[in-house]
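This report refers to the structure that appears directly beneath it.
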Amino acid sequence: MSIHASLTDSHCHLDKLDLTPFGGSLDRALEAARQNGVSRFVCISVDHSNLREVCELAEQYDDVWATSGIHPLTDAEAPFEPEIIEHQAQSTSKVVAIGECGLDYHYKPETRPVQLERFEAQLDIARRLGLPVVVHTRDAVDDTLALIRRYAGQGVRGVLHCFTESWEMARQALDLGWYISFSGIITFRNAADLRETVAKVPLGQMLVETDSPWLAPVPHRGQSNSPQWVREVADCVARLHDCALEDVAELTTRNACELFGLS
Ligand SMILES: [Zn+2]
Ligand SMILES: [Zn+2]
């Protein structure tokens, strides 16, 4: 792939990768991805225990950026400290978004009130700091759309990451100017409906990601995922849009740079 058409892994958990295939070295995992055409990595924080770690990691590499936020499935009993998220987001220019935050009623419907409160608090931080939001959403269509619509009206933009919901939900987020990001799930055999949605989402509003170490794409399914395999995700998008891999790389990287302000 040419230098103008490099890929961006818009959502990876670099602090959680299984580095065994890379001799225990994150340097080598990143190098393998670069060799595979990946030029930018957005490393996602999920709770108070790794907020600082992902920021430090981003400061070590020119091509890694970080987010600051708390995942919706984080222990609802654990303390939630929005001022720490906000402070961490301002601690380095390498923090490019708030998240991942959002709503997941698939695994923990009973924590809905806590999830809503935490999601809203993080949308508030994004609005105050003028940062985009990385949103995790599962089986929470109405609540997610209501909140992102309200905050979009106040200038907040973002991405629905690892998208697995309906085209109807995607369409409403796209209408708000938001982005949709797809992971290796789109390559899974049982994901025919999702592939129909991928085909409808315009490349001008799409990102690609690995969500590594989870969700390794076909033909690596079952292995621990790493950013090098974002190429398999982009390949699948190219097939569904009947275009070249280079086109998907160029557009999704342009989108990631635009949304997150990556250089
Ligand atoms: Zn997620
Ligand atoms: Zn994630």
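Listing for the model above:
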| read-out | value |
| --- | --- |
| Out of 136, 106, sole residue that is over 11 Å from residue 69 (Cβ atoms), within 16 Å of ligand 2 (Cβ to nearest atom) and touching a residue at least 12 places away in the same chain (Cβ under 8 Å) | 106 |
| Residues within segment 205-254 that are within 16 Å of ligand 1 (Cβ to nearest atom) and of a type in the set (Phe, Trp, Tyr), tallied | 1 |
| Lone unmet requirement of (1) more than 20 Å from residue 85 (Cα to Cα); (2) surrounded by fewer than 23 Cβ atoms within 10 Å (Cβ to Cβ); (3) among the small types (Gly, Ala, Ser) for residue 130 | (1) |
| Of residues in segment 84-123 being hydrophobic (A, V, I, L, M, F, W, C) and over 22 Å from residue 149 (Cα atoms), the one nearest to the chain's Cα centre (by Cα) | 95 |
| Residue within segment 106-113 that is closer than 24 Å to residue 9 by Cβ and touching a Phe, Trp or Tyr at 6+ places or on another chain (Cβ under 9 Å) present | no |
| Inter-residue pairs, beta-carbon under 6 Å, first over 14 Å from residue 91 (Cβ atoms) and hydrophobic (A, V, I, L, M, F, W, C) and in segment 39-64, second within 16 Å of ligand 1 (Cβ to nearest atom) and assigned to a loop (DSSP other than H, G, I, E, B), 6+ apart | 44/13; 46/71 |
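Only the coordinates and a few stated rules stand behind these numbers; no lab work does. From a predicted model like this one, the values you see are computed outputs, not experimental measurements. Note that we place each Cβ from the backbone using ideal geometry, even for glycine, and neighbour counts take in every protein chain shown.
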